[in-house]
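Reviewing the structure listed below.
The values are calculated or read from the model by the stated rules, or taken from the named source; none is laboratory data. What you see is a predicted model, and the numbers here were worked out from it, not measured in a lab. Cβ placement follows ideal geometry from the backbone for every residue including glycine, while neighbour counts extend to all protein chains displayed. Note: areas computed on protein heavy atoms with side chains; ligands, DNA, RNA excluded. Shrake-Rupley method; radii C 1.70, N 1.55, O 1.52, S 1.80 Å.
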Amino acid sequence: MNKISLVAKREFLTRVQKKTFLLTTIGVPVLIFAFYAAIIFFTVKSSDNFKIAVSDNANVFNGEIDSKKGSDVIFEFVKDDTTVLKTKLEQKEYDAYLYVPAGYSITSKTIDSLHFRSAKTVGIMTREKIENRISKTLEEKRLMAMNISKTQLDSIQNQKESIIFSSSSGKTENQTKVGLSYGVGFVSGFMIYIILFIYGTMVMRGVVEEKVSRIAEVIISSVKPFQLMMGKIIGIGAVGLLQFIIWGVLIFAIQLLIPVLFPQLFEQMQTQPVQPGMMAAAETAKQSGALSGIMAGLNEINFPLIIGCFIFYFLGGYFMYASLFAAVGSAANEDMQDAQSLLLPIMMPIIFAIVIMMQAVNNPNGSLAVFGSLFPLTSPIVMMARVAHGIPDGVTVFQLILSMVFLILGFFGTTWLAAKIYRTGILMYGKKVTWKELWKWAVKKN
């Protein structure tokens, strides 16, 4: 055990003391937020107004088309014929024009008689905005033509049925909490997905470098192969855990500073569209007050459970996959292509897990989500998507304990196999190894 700790300490210190560790640990969160803020800033600032001239000869719109405050699509009513409109279009006074002939009827079921012409190709999002606003206005005009007053129309449109979702036990489910659970589960699962790839690959590269430089031969003379492998895995895992703790603190600090340092940018970020899974949370927060709605949802999320499970599945998933990556690294030679060709069977379960997680955040109790959260090779990612919804709503206590037991057993099983492969592969040179040969190394007795 002492030799494992010495190897782990060496791996930890050699990586933490590098300048690149400090730069990536502090720079990555800052870079992510700066990049995200730049995308939002340039998206908002670079959106040019799309001016449309409307020649309404049938007086269908009555000089008004459904308008939205801050929209980049502007309708301007004129009294020109198509010849004049085409000239103004060529002179770039307008980006497009809409011509309504005098014979157009509001009760007509076809809108082929509405002529829309543009000077350039209209983007799909701008096209959708134009179609929605014109269609909504025409719909209102048709209803009013059927003797439905504006007051009645507004009353009908503002009436929304309030549906209360609750479990069989009578517990009411907060829409904001469901939306926030979706986001927390997705982010947690995706972070573990990134961890398995980044730090697993880091373990593999470290093993390959030591093997190619023949340093492993010197170390093996005083340390058993299993001790070397476990020390390397624990040391690099400690680096990853420290890095994520620092990232968490920095991300939390940056989130608090953004509204203070960049109030205008924060307002722009607040007005950006949210992900589909967060729409319910955003709508509820809008109706009940953004801050109070979000705080109420956050209070219902069991963060101690999520943090505890995240650390457990982070460590369990990392140790399990890191041992497999180490085994692949021990079988590689000078050419990294050898290692890359052996990675597919290891990477497939990780990719499969992220696909199941996409389903689990929406349906945590589905059969596919339950299977993915119990199967050791996918449980570190999928279970985080279920745990975010809480106990017993997202996952039962029995399933959570069973998943943890399976993950521990999976770690011992993969480590045992990887150690047997590592013991043989670390001292083998000049031979291209296949998975068939790796399996022979793993099952042989001596």
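Can you tally the net charge around residue 238? Count Lys and Arg as +1, Asp and Glu as -1, for every other residue whose Cβ sits under 14 Å from the Cβ of residue 238. Please report the intermediate quantities before stating the final value.
On the way: positive: 9, 10, 15, 232; negative: 11.
Surrounding charge for residue 238 is +3.
Rounded to the nearest percent, how much of the accessible area of segment 333-435 (1.4 Å probe, protein heavy atoms only) is carbon and sulfur?
Numbers: 3430 of 4710 Å².
Result for segment 333-435: 73 percent of the exposed heavy-atom area is carbon or sulfur.
Per residue, how much accessible surface does segment 368-446 expose to a 1.4 Å probe? Answer in Å², no decimals. Show your work: numbers first, answer last.
Numbers: 3840 Å² over 79 residues.
Value for segment 368-446: 49 Å² per residue.
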- Heads up, I need the accessible area for residue 73: 1.4 angstrom probe, whole protein in place, Å², nearest 10. 10 Å²
- Restraint check, 19/432; 18/440; 19/211; 18/431, Cα-Cα greater than 31 Å: 19/432; 18/440; 18/431
- At 1.4 Å probe size, with no ligands or nucleic acids counted, give the accessible surface of residue 75 in Å², nearest ten. 30 Å²
